Structure formats: structure tokens, C-alpha cells
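Read through the structure below, which is laid out as C-alpha cells, and then see the notes.
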Amino acid sequence: MKKLTVLTGITTSGTPHLGNYVGAIRPCIEASRDENVNSYYFLADFHSLIKCQDPERVHQSRLEVAATWLALGLDTDKSTFYCQSDIPEIPELTWILTCMTAKGLMNRAHAYKAAVQENEDNGSPDPDKGVTMGLYCYPILMAADILMFNANIVPVGKDQIQHLEMTRDIAQRFNHHFGEHFVLPEARVDESTAVLTGLDGRKMSKSYDNYIPLFAPEKTLRKLIMKIVTNSQAPEEPKETEGCALFDMFRAFATPAQVEEMRAKFAAGIGWGYVKQDLFEVVNAQLAEPREKYAELMQNPGYIEKVLKEGAEKARAYSRPFLERIRKSVGIRTLTA
């Protein structure tokens, strides 16, 4: 049976937090162990340049994100783990695809439309104020990431579904003109994936500054969990688990038996302070060992670089000959051919 190719891009925009771990990192690492799947995981560092022009932050984030995935147990023997910027075939394919992509398609991209709408709402005479070509063409670079390795499945959040549809449109147009080169990828949205609430009751996000860093030191982790906003119910009052941020976070880290025990405590009445202490203990238990590995890896960037370079060579064993076929198909080949 032919293996499915599954590809996941990892944003390099700051320190990963608990929400990233539960919503993306943990399920991806678990999925990477499937023997029937070719898994590609890449640091989307070219994408990070769209919003961040701080060289030190870009550099540090690449290091932190790579160390995070390795510390959490990504098996780089069973999967391909690389930096987007280490695959020169990707920007070349991006240009080739750009020449086949209709401007009207890019005009409909959510991120671009949102930027234009914000300018119009602010009364700017220029609807494209602050819009870079990086932001505008972002979906084409994403298409190149996916199509370069002919991914069958791309796990995404709901906000990225449009980009997968655009990728399919671009691939179909290219295939129509130059022959069947690209697989049409499918988006996979896991509705069961947990979405954690942050310290202030909103979705945990770096944008809201309400997040808990994944590898915060033990004391800091406990302090942050104790700051999570709760209601004013008295300790002895029975409490609802449905829609409770603390219970949802506890469930994301605890065993089924621990979850049922906590559910009973909610029904009987438990103080929020005790819930937070129990939450801290299950989160810390799951992350204590990876936290140590992460600290060791951060002191050894040379090892991380080596792993990423090996992953890039593994990826390029596919991308080099594939891009050569793409080049030939569009007419860029030796003059004697």
C-alpha cells in the first residue's frame, strides 16, 4: 500500500505555549509515529518574515521551536524535519507558481482582505497601506511548501482552509497547462483537538499576551496557573465542568481516571485554588521531563542545526529531481534538449 504524505508547517513566531502543544504539537508528534504515513514537518521561517523584521527574534524563535519539537519526542528517523529556508527549491517553485496564479485569487485571501478593510475602517486614502508583497503572496509560498512534496493531507486550523483551497486551484491550473505534476492536497481539520483558554478567559494566544509558556520553570508555571481567571462561586458550591477553562485544561493533560475524579470533585464542590493546584500537578508531571530535554537542547544549538540539515538533505532528495521535472515542463531546460 502506498503511503500517504502528510505535511505540517510550524510557525516560528515566538516561544510555544500550552495551547500550541495541546492543539498542534502533541497530535502531530503522535501522528508522526504512524508507519503508513510519510510525515514532513518544517519550520516556516520564510513565512515569519511577513510579520517580523527583528532578526534576533526570528533567529531565536527558530531555535526555540526546533528544540521544542525535539524535546517532546519527534522521531526524526520516521519523519522529515527541516527548515523551509534550507530548501532552495521552495522559493524557486514559488516564483513558477506565482507566474501561474491569478491576481484575482490573491485579492480574495482573508489576510489581505482584512488588511484592506482595516485601512478603510481607519479612513486611509490608500487601501493597501502597510500591505507588503509578502502578505499579499503568502498563499503562494504556502502552496509551494505543500506542492513541492505532493502532500496528500495537510492538517490545518479552520482559518487556513481557504489557503488549501487556493493551493488546489493553483495546482489544477498548473496541471492543466503543463501536465499532471501536482497532487491536489486535502485539508484535515481535527474538530476534537482541544483549544485552551488563556489567563484572561480568551483563547490562549501570544497576540493577547494571555499564554502560559510551554517550558516555563516549575515555579513560574504554578504562578501562572494560579492567575487563571475564574468566577466567584464559593468553594462548597457544585460547579459546572462544561465551558470551564480550568476543567478543559485539566482534561487536556490528565488521564481518563483523573478526569472522572475531577468531575466528581466539581459536582461535590471544590475550591478554585484546589482545582488550580491539581491542574498544575498534572501539567507539570507531563512536561517535567521534556522541560529538562529542552533546556539541554537550548545549550546545544549545534546539535539542533545538525538534525535540521540532515532533515533538509532528506527532503531535497525529493525536491531536487522534482523541481527539475517542473523546470523542464515549463521550458527551462538545457538548450540541446
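The values are calculated or read from the model by the stated rules, or taken from the named source; none is laboratory data. Just so it is clear, the structure is predicted and the values come from calculations on it, not from any experiment. Note that each Cβ is placed from the backbone with ideal geometry, even for glycine, and that neighbours are counted across all protein chains shown. Keep in mind that these areas ignore ligands, DNA and RNA; they rest on the heavy atoms of the full protein, side chains included. Shrake-Rupley method; radii C 1.70, N 1.55, O 1.52, S 1.80 Å.
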### Query
For the chain, which whole-number percentage of the solvent-accessible area (1.4 Å probe, protein heavy atoms only) is attributable to carbon and sulfur atoms?
52 percent
### Message
If you filter region 130-212 for GluC sites (Glu not before Pro), then keep DSSP loop positions with at most 11 other Cβ within 10 Å, what is left?
### Response
180, 191
## Note on the structure
Per the helix-only model, the chain has a calculated mean residue ellipticity at 222 nm (DSSP H runs of ≥4, -39500 (n - 2.57) each, divided over all residues, rounded to the nearest 500) of -16500 deg cm²/dmol
#### Entry: Unit charges on C-beta of K, R, D, E only; dipole of region 87-172, Debye
180 debye
### Query
Any idea which of 308, 174, 14 is furthest toward the positive side of the dipole for the chain, if Lys and Arg beta-carbons carry +1 and Asp and Glu beta-carbons -1?
174
## Note on the structure
Row for region 1-57, column shape: gyration tensor on C-alpha, a ≥ b ≥ c, rounded if a/c < 1.5 i.e. under 1.5, prolate if a/b over b/c, else oblate; value oblate
### Task
Anything in the chain that counts as a DSSP H helix reaching 15 Å or more along its axis (C-alpha) with Kyte-Doolittle mean of at least -1.0? List them, would you?
55-71, 133-147, 161-178, 256-268, 272-298, 301-330
### Message
Output needed for the chain: three equivalent-ellipsoid semi-axes, defined as square roots of 5 times the C-alpha gyration tensor eigenvalues, in descending order, whole Å.
### Response
40, 24, 19
## Note on the structure
Charge dipole of the chain built from unit charges on the beta carbon (Lys, Arg +1; Asp, Glu -1), centred at mean Cα; most positive-end Cα among 267, 127, 194 is 127
### Query
Farthest toward the dipole's positive end in the chain, which of 59, 72, 140, given Cβ charges of +1 (Lys, Arg) and -1 (Asp, Glu) about the Cα centre?
140
### Shape call, region 30-91: gyration tensor on alpha carbons, a/c limit 1.5
oblate
#### Entry: Debye equation applied to the C-alpha atoms of region 150-303, log10 I(q)/I(0) at 0.10, 0.11 Å⁻¹
-0.55, -0.63
